[in-house]
Amino acid sequence: MIIGAGQDTAHRAPKKNTIYCENCLDTMSRMPDDFVDLVVTSPPYDDFRAYNGYAFDFDSIAIELYRIIKTGCCIVWIVGDKTEKGTESGTSFRQALRFMELGFSLNDTMIYEKTNPVPQPTSKRYAQAFEYMFVLCKGLVSTFNPINEETLDYYKLWKNKGKTNRNKNGINRDKACNWNKTKKISNIFKYSLSRWSNDCQSKHPATFPEQLANDHILSWSNLGDLVYDPFLGSGTTAKTALVNGRNFIGSEISEEYCRIAEERIHALRIPAQNTMDICHTAPNSAMLQGLKPHAGNTGTSA
Ligand SMILES: C[S@@+](CC[C@H](N)C(=O)[O-])C[C@H]1O[C@@H](n2cnc3c(N)ncnc32)[C@H](O)[C@@H]1O
């Protein structure tokens, strides 16, 4: 459901799987304490992009985020700095430190690396190829489902060289060497900006990749959890939460972007029994049908 500013929302706790077309401070003001299981979000960066002219009040939002996140749960704050007159603003660091002053622990300073950054031939800097992903937690993290990758398979390398799989004493090397077959991936997540998803995400000027939202949602939440994005934009967090069996609440101040988000979520065609209750404040309420289990890597652009 999209609920717009000025509608009858006073005193009502925000509903799951709903887009609130309003200032996120208004949405959060109606949330009880310790309400959401995860926040994945990317705020407006300095005044880098106009976003139809909307600004935001960082300090009030940070205080509210601390109040509404459950103890042991995380906020993934994806942010970069503007560079002006030869210096970066430093806003990202200032925000991370302010979150810590408010009581968050800084669980991990992660990097969102863009594998094909926009070349900047005229500046006296290297190409800007990353953004910060501050994983901030109220207390210590309770949910962590790490993404793993295969470790180098020495046995396969050995076999490929035509060597025997047995030690001199006849013991099978694979069994004798008790190595771990998988390890946690690093805290640098890499995504290509070259491919847009085939939905309407590209109508928003600053989306993050679906795979990025996917990776954080899987890492820091469980099935059925409630994921909140206070700066929903084109709805990437909402879409990815639903695809992974989580619930979402989104706030987005621009009506235009709310419509984009709604369109993307409708395109998922989620069955009514999957807790999805998207309808319009306008008469065309449409239940969604036929959810795909996983989004896959779309590698879309930020
Ligand atoms: C960086 S974009 C988020 C993009 C989003 N992650 C995506 O993938 O589409 C930030 C969004 O925050 C919205 N915004 C700015 N101030 C806001 C506020 N106070 N409350 C809610 N939304 C706000 C802007 O309109 C913009 O769409």
**Asked** Which of the aspartates and glutamates could a cross-linker bridge to Lys181, judged by Cα under 18 Å and excluding same-chain residues fewer than eight apart?
**Response** Glu149, Glu150, Asp153
**Message:** Please enumerate, by chain and number, the aspartates and glutamates with C-alpha under 19 Å from the C-alpha of Lys114, excluding those fewer than 8 residues away in the same chain.
**Reply:** Asp81, Glu88, Glu131, Glu210, Asp215
**Message:** Past 32 Å, Cα to Cα: identify those pairs from Lys15/Lys138; Lys124/Lys184; Lys15/Lys82, in the order given.
**Reply:** Lys124/Lys184; Lys15/Lys82
**Asked** Put a dot 7 Å past each Cα toward the Cβ at Ala206 and Lys183; how far apart are the dots in nm?
**Response** 3.6
**Request:** Just grab the label-to-label distance for Leu106 and Leu218, each label 7 Å out from Cα along the Cβ direction, in nm (one decimal).
**Result:** 2.8
**Asked** Between Ser192 and Lys16, what length comes free when the chain is fully extended (0.36 nm per residue of separation minus the Cα-Cα distance, one decimal in nm)?
**Response** 60.2 nm
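Any read-out appearing in this document is the output of simple, stated calculations on the displayed coordinates, not a laboratory observation. Being a predicted model, the structure only gives us computed values, none of them experimental. Here the Cβ is made from the backbone with ideal geometry for all residues, glycine too, and neighbour counts use every protein chain on show.
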